[in-house]
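The structure appears right after this line, and notes come after that.
The values are calculated or read from the model by the stated rules, or taken from the named source; none is laboratory data. Just so it is clear, the model here is predicted, and its values are computed rather than measured. So basically every Cβ, Gly included, is an ideal-geometry build from the backbone, and we count neighbours across all protein chains shown.
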Amino acid sequence: MTRERSELEQRRDALRRSLPGLSDTRALSYRRNNDARALDHAGVKHQRPEEMARLAQAELAAHDAIRDVQRELRQIDAEIERTPRGGFGATLRRAVRRGRIDP
């Protein structure tokens, strides 16, 4: 169980480390899409319709990626809460349950 908990904690740490990069990607895609839309609204046809659609899709995908990571982090945190901690107390309890130590 401690191995499972450790693996969950490692996965959680990796996901948390990925959030700043995902956030930067989302901010950049948001700026690009908004800039293109602002130019379009101002009458400057700088981007083709296909490119406008791609920019909007990139912004949405970046947003969804962050939400997916946040959702997975919540699931991992809940799983860690359900997983008992290791350590001497847990080892002693397992030994008592298995009948190796008289209580």
So the check is Cβ under 9 Å with 6+ separation or different chains; which pairs have a first residue in the range 28-55 that's exposed (fewer than 13 other Cβ atoms within 10 Å of the Cβ) and a second one that's not in a helix (DSSP H, G or I)? ALA38/VAL44
Any residue that is in contact with a His (Cβ under 8 Å, 6 or more places away or on another chain), of a type in the set (Gly, Ala, Ser), in a helix (DSSP H, G or I) and at pLDDT 90 or above - is there at least one of those in the range 20-33? no
Scan the range 4-27 residue by residue and report those that are among the hydrophobic types (A, V, I, L, M, F, W, C), under 14 Å from ILE76 (Cβ atoms) and either surrounded by fewer than 13 Cβ atoms within 10 Å (Cβ to Cβ) or in contact (Cβ under 8 Å) with a residue 60 or more places away in the chain (or both). LEU8, ALA14, LEU15
